[in-house]
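Peer 1: One structure, pasted below without further comment.
The values are calculated or read from the model by the stated rules, or taken from the named source; none is laboratory data. Only a predicted model underlies this, so the values are computations on that prediction, with no experimental measurement involved. Note that we place each Cβ from the backbone using ideal geometry, even for glycine, and neighbour counts take in every protein chain shown. Protein only, heavy atoms only, side chains kept; ligands, DNA and RNA dropped before computing areas. Shrake-Rupley method; radii C 1.70, N 1.55, O 1.52, S 1.80 Å.
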Amino acid sequence: MVTNILQNTFGVGPKINLTFAESTTIVSSRGEPVPAQTQSSYDAINKTLNITTYIRLDQFNPAASQEYKASILIHEIVHAYIFTNPSVLNGLTQHAYLLQNYVGGIVGALQSFFPSLSTQEAASLALGGLGRDLLGSPAFNDALTKYGFTTDVGSRSSYQFFSSQFEYGTIGTQCSN
């Protein structure tokens, strides 16, 4: 699914520029540092949509697994897709739309890249980038139930249990520097 988005959206012409860049300054809407963020701007003179995914390396744990890093990049690629087609939101926030339409695809993409990843582990990574904005919402609670998680964030049955282990490299494929 993510491959199709990339090919269909970014491989078809010169009207969209997708760039990945390092940053030390990106923050969430709450002012908190984040590991990655995708932004867009439109160049009216050249009629080009410029999309930049910023990666903030100082926000990654040095031991973070490949699975964790891949989940963040896939999440940001979906944001880039949404910027190319903002009408798909139909009044939803980007994260609400991503939750509603792309969590399953992200799970599948992660499992195709990392075949030993269980569906629940992949779901924990797919949901990890959404929890701060959507935790407690009925749609997020439905996704938790679908993938066998509870709403108790302190529990081993929480999506955060696996997600944080991948983030801190306790489990997953280690990166070679």
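Peer 1: Of the conditions (1) out of contact with any strand residue (DSSP E or B) (no Cβ under 7 Å at 6 or more places or on another chain); (2) of a type outside the set (Asp, Glu); (3) open to solvent by 20 Å² or more (accessible area, probe 1.4 Å), residue 71 clears all except one; give me its number.
Peer 2: The number of the failed condition is (3).
Peer 1: Same structure again: Can you tell me which residue is nearest to residue 169 (Cα to Cα) among those in region 51-63 that are assigned to a loop (DSSP other than H, G, I, E, B) and more than 15 Å from the chain's Cα centre (by Cα)?
Peer 2: Ranking the candidates gives 63 first.
Peer 1: Let me ask another. Across region 132-143, what is the total count of residues that are surrounded by fewer than 19 Cβ atoms within 10 Å (Cβ to Cβ) and out of contact with any His (no Cβ under 8 Å at 6 or more places or on another chain)?
Peer 2: 8
Peer 1: Looking only at region 32-50, count how many residues are closer than 30 Å to residue 168 by Cβ and not in a loop (DSSP other than H, G, I, E, B).
Peer 2: Number satisfying all stated conditions: 5.
Peer 1: Please specify each residue of region 84-99 satisfying the condition of being exposed (fewer than 15 other Cβ atoms within 10 Å of the Cβ), within 20 Å of residue 137 (Cβ to Cβ) and not hydrophobic (A, V, I, L, M, F, W, C).
Peer 2: The answer is 90, 91, 93.
Peer 1: Still on this structure: Is it the case, given these coordinates, that residue 176 is open to solvent by 30 Å² or more (accessible area, probe 1.4 Å), farther than 23 Å from residue 34 by Cα, free of Cβ contacts under 8 Å to residues at least 12 places away in the same chain and not charged (D, E, K, R)?
Peer 2: Judged against the criteria, residue 176 is not a match.
Peer 1: Since residue 16 meets every condition but one in (1) of a type in the set (Val, Ile, Thr); (2) touching a helix residue (DSSP H, G or I) at 6+ places or on another chain (Cβ under 9 Å); (3) under 21 Å from residue 134 (Cα atoms), which condition does it not meet?
Peer 2: (3)
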